Amino acid sequence: MLEQSNNLEQSNKEEPRKKEMWGYATSAFGIFITWNLIGSFLSYYYTDVVGLTAGAVGTLMLVARLFDGFTDLGMGIIVDKTKSKHGSARPWLLWMAIPFGVATVLLFSVPDIGQTGMLVYAYVTYLGFVLLYTMVSISYKSLQGFMTTHQDSRSLMNTYSGILNFSGALVAAVLSQPLAALIGWTAVAAMYGSIAIVFILLTFRSVKERVGPNTFNSGDNVPFILGFKSLFKNKYWAITAIFSVFFYTTVALVQGSSIYYAQVVLGNANLVPIIGLALTLPMIIGLLFMGPIVLKIGKRNASLIGVVVIIIGQSVKWIDPANLPIYLIGTVIAGLGVMAPQAYIFGMINDTAEYGEYKTGVRIVGLVNSGSSFGTKAGSGIGLALIGWLLGFGDISVVRLNSLH
C-alpha cells in the first residue's frame with residue numbers, strides 16, 4: 001500500500017508539460033476531421049451520390065454504430081492488457097494510424113456494382129472503418145488516463161484537444177462540400193485520411209505514459225469479469241455513459257441532417273459551409289476562454305450549463321425554421337452549448353477511473369473509456385439512423401424536391 005502511494009506521488013510529480021499536452025491534442029484534429037466528414041456527409045454521399053435508399057442507409061448507420069459500441073468494450077480490455085515498450089494505449093496509435101487513413105478513403109469509394117453490391121460494399125467498408133476507428137479512438141481517449149492522474153492537467157489537455165477537435169470539425173464542415181464539387185468525395189477522403197495519419201503519429205511521438213502496471217492495481221492484472229462488475233459499481237461512470245447516449249444522439253441528428261435541411265428547408269445546399277461555420281467557430285473561440293472557467297467550476301458543471309445553452313439555441317430555430325438569419329443565430333448559440341460537453345466528456349470519463357479504483361480497488365482505464373464510448377457510439381448511431389428512417393418515412397427525395405423549385 002505504501003509502495004502504491006509512493007508511486008502515485010511520484011507520478012504526480014511528473015505531470016505533462018504544455019508542449020506534451022498539445023502533442024496529445026494533435027490527434028484530435030486528425031481523428032475528428034474524418035469523424036465529422038463521416039458524421040456530416042456520409043449519409044448524403046450514400047443517398048444522393050451513390051443512390052442507396054434512405055431507409056437502407058439509416059439501418060446501416062445504426063448497425064455500424066452499435067457494432068462499433070460493442071467493439072469498444074473489446075478494445076478497452078485489450079488496451080488494459082497491452083504491455084509494450086511504448087506503453088498500453090500509445091502503441092495502438094502507431095499500429096493503427098495508416099489502416100485508419102486507408103479505411104477513410106474506402107468509405108467514399110463505392111463502386112457502381114448495382115444496389116445490392118453497393119450496399120454490401122457499404123456495410124463491409126463501414127464496419128471495417130468503425131473497427132479501426134475504435135482501435136484508434138479508445139487508445140487515444142485512454143491515453144490521458146495513462147499520462148497523468150492529475151485532473152487539472154486532464155482539463156487542460158481536454159481544452160487543447162477540444163480546440164483542435166473543433167478546428168477539424170470546422171475544416172470538415174466548411175471545406176468538404178466545396179472541395180468535393182471540385183475534386184470528388186474520394187479525393188476529399190484521401191486528403192483527410194492523410195492528415196489523420198500524420199497527426200496521429202505526431203501524438204505517438206510527443207507523449208509519455210506515466211501511469212500503468214507499475215503504478216496502480218492496473219487492469220493488466222484484472223480478469224474481465226471482475227473488471228466488468230467493478231465498472232457497474234461506479235455510479236459516476238454510469239451517469240457519464242447515459243449522458244453520452246443522449247448527448248451524441250442529439251449531436252449526430254443535428255449534424256448529419258444539416259445538408260438535407262439546407263437543401264430542402266432553406267432551399268440552398270451551398271449554405272452548408274455557412275451553417276458549419278456558425279456551429280463550429282463559436283466552439284473554437286469559446287474554448288480559448290474555457291480553461292480558467294473549467295478549473296474554477298469543474299467539467300461537470302460546465303457541461304451541464306452547455307446542455308441548457310443547446311436547448312436555448314435549438315429553441316431559437318423554431319421561431320421561424322425557414323428563416324436563415326434566425327437559423328444561424330440558433331446554430332451559433334447551440335454551438336456554444338455543444339462546446340463544453342463535447343470537449344470535456346473524455347476528461348470526465350477518465351476522472352471516473354480514479355473513483356472506480358477508490359470504490360473497488362481496481363483500475364481499468366481502457367474498460368472505463370470503452371464502456372462510455374459505447375454510449376457515444378450508440379447515441380451517434382441512433383441519431384444518424386433517425387435521419388435515414390425519417391427521410392424514408394416521409395418519402396423525402398432531395399433530388400425530387402429540388403426539381404420542384
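Throughout, read-outs are computed from the coordinates displayed, never taken from laboratory work. Because the structure is predicted, anything quoted here is derived from the model rather than measured. Neighbour counts are summed over all protein chains in view; Cβ atoms, including those assigned to glycine, are modelled from backbone coordinates with ideal geometry.
What to note about this one:
- Tilt relative to the chain, helix 90-107 - C-alpha long axis, 0 to 90 degrees, to 10: 10 degrees
- Of 240, 44, 350, farthest towards positive along the dipole that unit charges on Lys, Arg, Asp, Glu beta carbons give the chain: 350
- Structure-based [θ]222 nm, the chain - -39500 (n - 2.57) summed over DSSP H runs of at least 4, per residue, nearest 500: -28500 deg cm²/dmol
- Under DSSP loop assignment and at most 13 Cβ neighbours within 10 Å, longest trypsin sites (Lys or Arg not before Pro)-free interval of the chain: 234-405
- Between 0 and 90°, nearest 10: helix 54-81 axis offset from the chain longest Cα axis: 10 degrees
- Stretchable slack from residue 301 to residue 239, in nm (0.36 nm times residue separation minus alpha-carbon distance): 20.9 nm
- Shape category assigned to the range 232-297 from the gyration tensor of Cα positions, a/c cut at 1.5: oblate
- The magnitude of the dipole of the chain, with charges of +1 and -1 set on the Cβ of Lys/Arg and Asp/Glu and taken from the Cα centre, is near 660 debye.
- P(r) histogram, all alpha-carbon pairs of the chain included - 10 Å bins from 0, percent: 5, 23, 34, 24, 11, 3, 0, 0
- Against the chain, whose longest principal axis is taken from its Cα atoms, helix 272-287 shows a tilt of about 20°.
- Pairwise label distance in nanometres, residue 123 with residue 355, each label 7 Å out on the Cα-Cβ vector: 4.0 nm
- Pairs over the 32 Å Cα-Cα cut-off, from the set 19/235; 208/233; 19/317; 18/233; 208/235: 19/235; 19/317; 18/233.
- The distance separating the Cα centre of the range 44-123 from that of the range 273-332 comes to 29 Å.
- Taking 35, 185, 95 in turn, the Gaussian network model of the chain (Cα-Cα springs below 10 Å) assigns the largest fluctuation to 95.
- Simple rule: put +1 on each Lys or Arg Cβ and -1 on each Asp or Glu Cβ in the chain, find the dipole, and look at 382, 323, 183; the Cα lying farthest toward the positive end is 382.
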